[in-house]
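A.B. asks: My questions will all concern the structure given below.
The values are calculated or read from the model by the stated rules, or taken from the named source; none is laboratory data. Predicted model, so just to flag it, every value in this text is computed and none were measured. Positions of Cβ are generated from backbone atoms using ideal geometry, with glycine treated the same way; all protein chains shown enter the neighbour counts. Note: areas computed on protein heavy atoms with side chains; ligands, DNA, RNA excluded. Shrake-Rupley method; radii C 1.70, N 1.55, O 1.52, S 1.80 Å.
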Amino acid sequence: MSRIGRAPITIPAGVKVEVTDGNHVIVKGPKGQLEEAISTDIKVSVEGATVSLTRPSDSPKHRSLHGLSRSLISNMVLGVTEEFKKELEINGVGYRAAKEGKKLVMNLGFSHQVIVEETARISVDVPTPNKIIISGISKQEVGQFAADIRKKRPPEPYKGKGIKYVNEVIRRKEGKTGAK
């Protein structure tokens, strides 16, 4: 059995999980509501304060769906109780970010400012001009939003200028050497 898939998910107080027909899982909590369509091959059952998942066979497809489905539901339960966060760091002379209302305005060395708007379920915070904190209840949406911002100016390997995740390590390259 899948080590991840067979582990039951405990539902914390204040969170409600319901499974509708067609394996549509709805998780409601203090931070909001998330919905996900789980494969009909996987059986999702809610008993008391736990959610358990079972699979019909040991085929590779069912084994992979088992662990995936459990992780998706677990992340939904986690997201509606405590938000997911991604932190980005801006490196470079003159590179900075600021928050103007619901917009993130970044100066990234282009001739124009790069402006990104918050979505309904994603919030952006800029505690310092070189740090961006993205938070939201959906792990997938937070990660995608952070990746989209990072894509505006990815870090370059020579000086490390650009937008990177806080815990990301940039492999540095040696510059040209002068030939004499």
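A.B. asks: Assess whether ILE26 counts as being among the β-branched types (Val, Ile, Thr) and either out of contact with any Asp or Glu (no Cβ under 9 Å at 6 or more places or on another chain) or buried (at least 17 other Cβ atoms within 10 Å of the Cβ) (or both). Reasoning before the result, please.
C.D. replies: Details: among the β-branched types (Val, Ile, Thr): yes; either out of contact with any Asp or Glu (no Cβ under 9 Å at 6 or more places or on another chain) or buried (at least 17 other Cβ atoms within 10 Å of the Cβ) (or both): no.
No; evaluated as a whole, the condition is false for this residue.
A.B. asks: Taking the residues in the range 20-49 that are in a strand (DSSP E or B), β-branched (Val, Ile, Thr) and touching a strand residue (DSSP E or B) at 6+ places or on another chain (Cβ under 6 Å) as candidates, determine which candidate is farthest from GLU82 (Cα to Cα). If you could, list the steps in order and put the result at the bottom.
C.D. replies: Restricting attention to the range 20-49, the residues satisfying the condition of being in a strand (DSSP E or B) are 20, 24-29, 32-37, 43-47.
Narrowing the set further to residues that are β-branched (Val, Ile, Thr) leaves 20, 25-27, 44, 46.
Subset that is touching a strand residue (DSSP E or B) at 6+ places or on another chain (Cβ under 6 Å): 25-27, 44, 46.
On the way: VAL25: 19, ILE26: 17, VAL27: 13, VAL44: 23, VAL46: 21 Å.
Ranking the candidates gives VAL44 first.
A.B. asks: I'd like to verify a number: residues in the range 1-31 that are closer than 18 Å to ARG70 by Cβ, at pLDDT 90 or above and charged (D, E, K, R), how many?
C.D. replies: 1
A.B. asks: How do the pairs read when you match residues in the range 64-86 that are closer than 25 Å to GLY14 by Cβ with residues anywhere that are in a helix (DSSP H, G or I) and of a type in the set (S, T, N, Q), using Cβ under 9 Å and keeping only pairs 6 or more apart or on different chains?
C.D. replies: LEU72/GLN140; ASN75/GLN140; PHE84/ASN75
A.B. asks: Counting only residues that are under 15 Å from the mean Cα position of the chain (by Cα) and surrounded by 13 or more Cβ atoms within 10 Å (Cβ to Cβ), give me the strands (runs of 3 or more DSSP E) lying completely in the range 66-118 with at least 3 of them. Spell out the reasoning first.
C.D. replies: Values: elements: 84-91, 96-100, 103-107, 114-117.
So the answer is 84-91.
A.B. asks: Tell me which residues, restricted to the range 80-108, are in contact with a Ser or Thr (Cβ under 8 Å, 6 or more places away or on another chain) and at pLDDT below 95.
C.D. replies: GLU83
A.B. asks: Something else now. Can you say whether ALA146 is touching a residue at least 60 places away in the same chain (Cβ under 8 Å), closer than 29 Å to GLY162 by Cβ and outside any strand (DSSP E or B), as far as the supplied structure shows?
C.D. replies: Numbers: touching a residue at least 60 places away in the same chain (Cβ under 8 Å): yes; closer than 29 Å to GLY162 by Cβ: yes; outside any strand (DSSP E or B): yes.
In short, yes.
A.B. asks: Now for a separate question. With respect to the numbered conditions (1) in contact with a Gly (Cβ under 7 Å, 6 or more places away or on another chain); (2) open to solvent by 100 Å² or more (accessible area, probe 1.4 Å); (3) hydroxyl-bearing (Ser, Thr, Tyr), which one is the sole condition not fulfilled by THR177?
C.D. replies: Every condition holds for THR177 apart from (1).
A.B. asks: Residues of the range 119-143 being within 27 Å of VAL77 (Cβ to Cβ) and part of a strand (DSSP E or B), which ones?
C.D. replies: Quick first cut of the range 119-143, residues within 27 Å of VAL77 (Cβ to Cβ) only: 119-125, 132-143.
Hits for the range 119-143 are ILE122, SER123, VAL124, ASP125, ILE132, ILE133, ILE134, SER135, GLY136.
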